[in-house]
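Worksheet for the structure shown next.
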Amino acid sequence: MGAGILAKGVNAQAFSIGINLPVMDGLLGCWFGGSKGLWVNQVAGGTQPTIVGTPVHDTEYSSQLSLANYIDTNIVAPANHTMMVVAKIYAPTTAAVRLPLFTNFNNVITDGGVSVTALGSGLVFEPAGTQQMIGASYTGVAGAASNANVAVLAAESGLPTSLASADNTWWRTILGKIDGLGVAGTAGNRYIKNLTKGTQASQALVSGNVRDLRNTATLRIGTRGPSGSTVATTEIMLAMLWDRALTNAEEALMYSRIQRYALSRSITL
């Protein structure tokens, strides 16, 4: 199946990833950065984002995003989902400053009369460059603590320490997935994949826990959830979100299409 994903005014030949994506089933959002993409959700009938602040469009295909300048997708994280992001990666030198790619991590809520930091889900890089897919879980008891239940992939070696020093060789396609139904392996697994480097890691659902959906903050591109103020500036080319775990074959189809899109801009992924 397929559906149009072009925003009005976007030139299909010059800019589009294609009229149809190879995997449309469950696609909630497809957002392109830069002065041409402008972060419009290209999925026909899809929820449109709120552009918060003033993202800096570095090129026609990429934008700098930060704590006060980001994309609020206005979409609440599904229980199971797959997200793919193309971003420049680096390791910020400031302690505790994370590089958030696509996430709602985290949000302080009240549950059962107790203040709880609901950790949410999404793709977040730690200060040293550690790659993570958060898929929070908890016991299911009101007021219980939220467990990050995170899949962790070691940092790449030789990471630049600032966005300014990250040239085009540091563009990466990063995938995060929460697979509650066992589509791609053990039910409940969380996955983080650096598709550009061919590396991945997984983490099982904490024994006895259930998916923690108490963080109802919407997913944001280029910043963190409502709680906290430590965010490094990112440069992001595109982001995609499905409301299910993709199969490994579907991931490969999407990665191939993204590679072609980037290559048309002289970027190898």
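Here, each number is a calculation from the coordinates, and none is a lab measurement. Computed from a predicted structure; not experimentally measured. When we count neighbours, we look across all protein chains shown, and the Cβ atoms used for this are built from the backbone with ideal geometry, even at glycine.
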Study note, to complete from the structure: So, relative contact order of the chain in percent, Cα under 8 Å, 6 or more apart, is 26 percent
Check your understanding: Which peptide among 167-175, 82-90 comes first, and what is the full order, when sorted by highest mean count of other Cβ atoms within 10 Å?
Key -> 82-90, 167-175
Check your understanding: By per-residue mean of other Cβ atoms within 10 Å, what is the highest-first order of 185-193, 215-223?
Key -> 215-223, 185-193
**Study point:** Principal axes of segment 162-269: Cα extent on each, largest first, Å
**Key:** 46, 37, 21
Check your understanding: Given only helices, namely DSSP H runs of n ≥ 4 each adding -39500 (n - 2.57), what is the per-residue ellipticity at 222 nm of the chain, to the nearest 500 deg cm²/dmol?
Key -> -2000 deg cm²/dmol
Revision key, fill the gap. Segment 27-263: Kirkwood hydrodynamic radius (Cα pairs, Å) comes out at 17.6 Å
